[in-house]
Amino acid sequence: MSPPPRQFSEAPLPGFEPVRTRRRAGPEPHQVAHRKRLRARFMQGGAEAMPDYELLELVLFRAIPRRDVKPLAKQLLMEFGDFNAVLAAPSARLTALPGVGESVIQELRIVAAAAERMARARVLDRAVIASWDALLHYCRTCMAHRETEQFRVLYLDRKNILIADEQQASGTVDHVPVYPREVVKRGLELSASALILVHNHPSGDPTPSEADILVTRQIVDAAEVLGLTVHDHLVIGKGREFSFRAEGYL
């Protein structure tokens, strides 16, 4: 006859603790509900009715999935001023703020790149003169909130269609080196017929400096010798821009 089966006690052995499964911490229920409500409002009414901090929250949701991001969104806006300035903020200044890591910066850069690409699509391969408002929107999107000066040249063909948008130089908060010969030389390489010069003033005031006026004159003179036309020089500030053509400088 077979012996009865052995019985094992469920009590832990002396000196050993039972292994307990640790549940992964997730967002609090009120955070989940808040995120759902915010996303629903965005899908129903779009971004127009949302303040900047709520739109920024939507961006931060992906970067920080398990934390209330409203305080961080408001801190970013307090530090940089508005939604666009947050997107354009330098990485070094962003990471100096508590709670901002690589994932946050990555999400901000993705949104900024998408905005620039959409604005650029409205002017590339189109007659720029007939799409002037779209061109200004593109320049503001790319340059208005930069913290250093950037000088770009838009090269146009005989029909004033934009064939290239190139950054010629970047500089400091109040200076950017520009070489008229290189600007014109590149126009010849692209078989361009006309140029539009664009640079930004990080101070926010688009009033041109004496150096801006001088380098514009040098580029115009060099371009004329080679049969290229300079349609305008735009200085992009925060909220407004200065047109050399409209103000009688060209």
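The values are calculated or read from the model by the stated rules, or taken from the named source; none is laboratory data. All of these numbers come straight from a predicted model, not from anything done at the bench. In this analysis, Cβ positions are derived from the backbone assuming ideal geometry, glycine residues included, and neighbour counts consider all displayed protein chains.
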Residues in the range 73-106 that are touching a helix residue (DSSP H, G or I) at 6+ places or on another chain (Cβ under 6 Å) and crowded, with 17+ Cβ neighbours inside 10 Å: how many?
11
In the range 167-182, is there at least one residue being assigned to a strand (DSSP E or B), at pLDDT 90 or above, closer than 26 Å to E116 by Cα and hydrophobic (A, V, I, L, M, F, W, C)?
no
Could you tell me whether the range 129-143 includes any residue that is part of a loop (DSSP other than H, G, I, E, B), crowded, with 19+ Cβ neighbours inside 10 Å and outside the structural domain of G81 (by TED's automatic domain parsing)?
no
Please determine whether any residue of the range 154-165 is among the polar types (S, T, N, Q), closer than 21 Å to A121 by Cα and out of contact with any Cys (no Cβ under 7 Å at 6 or more places or on another chain).
yes
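Output yes when any residue across the range 21-32 is polar (S, T, N, Q), modelled with pLDDT of 80 or more and not in a loop (DSSP other than H, G, I, E, B), and no when none is.
We begin by selecting, within the range 21-32, every residue polar (S, T, N, Q); these are 21, 31.
Checking which are modelled with pLDDT of 80 or more leaves us with none.
Within the range 21-32, none of the residues are polar (S, T, N, Q), modelled with pLDDT of 80 or more and not in a loop (DSSP other than H, G, I, E, B).
Results for (1) without any contact (Cβ under 8 Å) to a residue 24 or more places away in the chain; (2) assigned to a loop (DSSP other than H, G, I, E, B); (3) surrounded by fewer than 14 Cβ atoms within 10 Å (Cβ to Cβ), shown as yes or no for each residue.
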| residue | (1), (2), (3) |
| --- | --- |
| R152 | no, no, no |
| A164 | no, no, no |
| V184 | no, no, no |
| A192 | no, yes, no |
| D212 | yes, no, no |
| A223 | no, no, no |
| V230 | no, no, no |
Going through the range 232-250 in order, the residues found to be buried (at least 20 other Cβ atoms within 10 Å of the Cβ) and in a loop (DSSP other than H, G, I, E, B) are F244
Inside the range 113-130, can you point out the residues that are of a type in the set (A, V, I, L, M, F, W, C) and within 22 Å of the chain's Cα centre (by Cα)?
A113, A114, A115, M118, A119, A121, V123, L124
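Quick grid of which residues meet (1) closer than 30 Å to I196 by Cα; (2) assigned by TED's automatic domain parsing to the domain that holds A144; (3) touching a residue at least 40 places away in the same chain (Cβ under 8 Å):
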site	(1), (2), (3)
V59	no, no, yes
P65	no, no, no
L72	no, no, no
L77	no, no, no
A92	no, no, no
A96	no, no, no
Q106	no, no, yes
A113	yes, no, no
